[in-house]
């Protein structure tokens, strides 16, 4: 679905018919481009791929978080640490083409592209809904705990059972679910959680998942909902302020729009997703690819690093890992 908004100014000499014709022409042009791009895979090669933090710095940060959590000297129970990976490529990455190819990565996921004129493009393929409101009805979801997909049906089921029975992942997931539930209860007459814990399977990964639904006391509360729900423990931690402070002291890069709310307010209906599984595409500079993992009691730095690799692979798999020989010789 393509939608457009026209900011009408009565001082302009445009007629309504002229505006409609202009909008329809633009929409048809965009539609044709999108249909074409879905059949194309970007042909570019990775010259370099540098992570901030490095693996060594990552291990130090995770271990420091675990010390705070385990010793009880802080109220911190969970913190989400992130990584920014600078990918430099042989040719500029087309953000729309890259995004179109990501559609195969997730059914019922959100694809988004935010690009002001002559600026960098923030794109993503996020499975996580922040909230969806239709009149007084509101839905949200908790998503936490990550595993890869098994190579066969049997192996995939084993991975699923391991995720469902993992105490560490159960703790990480429960923190997210209960935090969202309490925030919704503050503005809803009642909140139903169903399912309370299930598996959400995507082509590359699977997560623990719960859906929450409630009925708002007033439609005017939606701005308060957005301010209250963001950031969730799935992208920041718990308690929020303790986690936010740890992130500010620990992370050595600016998250920018990563993990922020992406969506729209629209009168009788509003919808926002969480801007994870995302990248910032910069002309002449390649892209910054973002990923994060939740650190709780029982987390392992190396396994959390592997999870970062798994989450960013949906982007990197679309790029060749090395420069062709003839280009090396020219260089």
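The values are calculated or read from the model by the stated rules, or taken from the named source; none is laboratory data. Note that the structure is a prediction, hence the values are computed from the model and not measured. Backbone-built Cβ (ideal geometry, glycine too); neighbour counts: all protein chains shown.
A Cβ distance below 6 Å, combined with a sequence gap of six or more or placement on separate chains, defines the contacts here; from the range 66-78, residues that are free of Cβ contacts under 8 Å to residues at least 24 places away in the same chain reach no residue that is assigned to a strand (DSSP E or B). Quick check: anything in the range 125-141 farther than 30 Å from residue 98 by Cβ, outside any strand (DSSP E or B), free of Cβ contacts under 8 Å to residues at least 60 places away in the same chain and in contact with a helix residue (DSSP H, G or I) (Cβ under 8 Å, 6 or more places away or on another chain)? Scanning the range 125-141 turns up no residue that is farther than 30 Å from residue 98 by Cβ, outside any strand (DSSP E or B), free of Cβ contacts under 8 Å to residues at least 60 places away in the same chain and in contact with a helix residue (DSSP H, G or I) (Cβ under 8 Å, 6 or more places away or on another chain).
Say whether the condition of being touching a helix residue (DSSP H, G or I) at 6+ places or on another chain (Cβ under 7 Å) and under 25 Å from residue 136 (Cα atoms) is met by at least one residue in the range 222-229. Checking the range 222-229: at least one residue is touching a helix residue (DSSP H, G or I) at 6+ places or on another chain (Cβ under 7 Å) and under 25 Å from residue 136 (Cα atoms). Residues that are within 20 Å of residue 247 (Cβ to Cβ) and modelled with pLDDT under 90 were ranked within the range 73-94; the one that is surrounded by the most Cβ atoms within 10 Å (Cβ to Cβ) is 74. Per the conditions (1) under 25 Å from residue 315 (Cα atoms); (2) surrounded by 18 or more Cβ atoms within 10 Å (Cβ to Cβ); (3) in contact with a helix residue (DSSP H, G or I) (Cβ under 9 Å, 6 or more places away or on another chain), the sole criterion not satisfied by residue 255 is (2). Going by the structure shown, is residue 303 more than 22 Å from residue 240 (Cβ to Cβ) and modelled with pLDDT of 95 or more? Yes; evaluated as a whole, the condition is true for this residue. For the range 148-163, filtered to residues that are in a loop (DSSP other than H, G, I, E, B) and surrounded by 12 or more Cβ atoms within 10 Å (Cβ to Cβ), the residue that is farthest from the chain's Cα centre (by Cα) is 150.
Here 170, 132 are screened, and the one residue that is surrounded by fewer than 21 Cβ atoms within 10 Å (Cβ to Cβ), in contact with a strand residue (DSSP E or B) (Cβ under 8 Å, 6 or more places away or on another chain) and within 20 Å of residue 294 (Cα to Cα) is 170.
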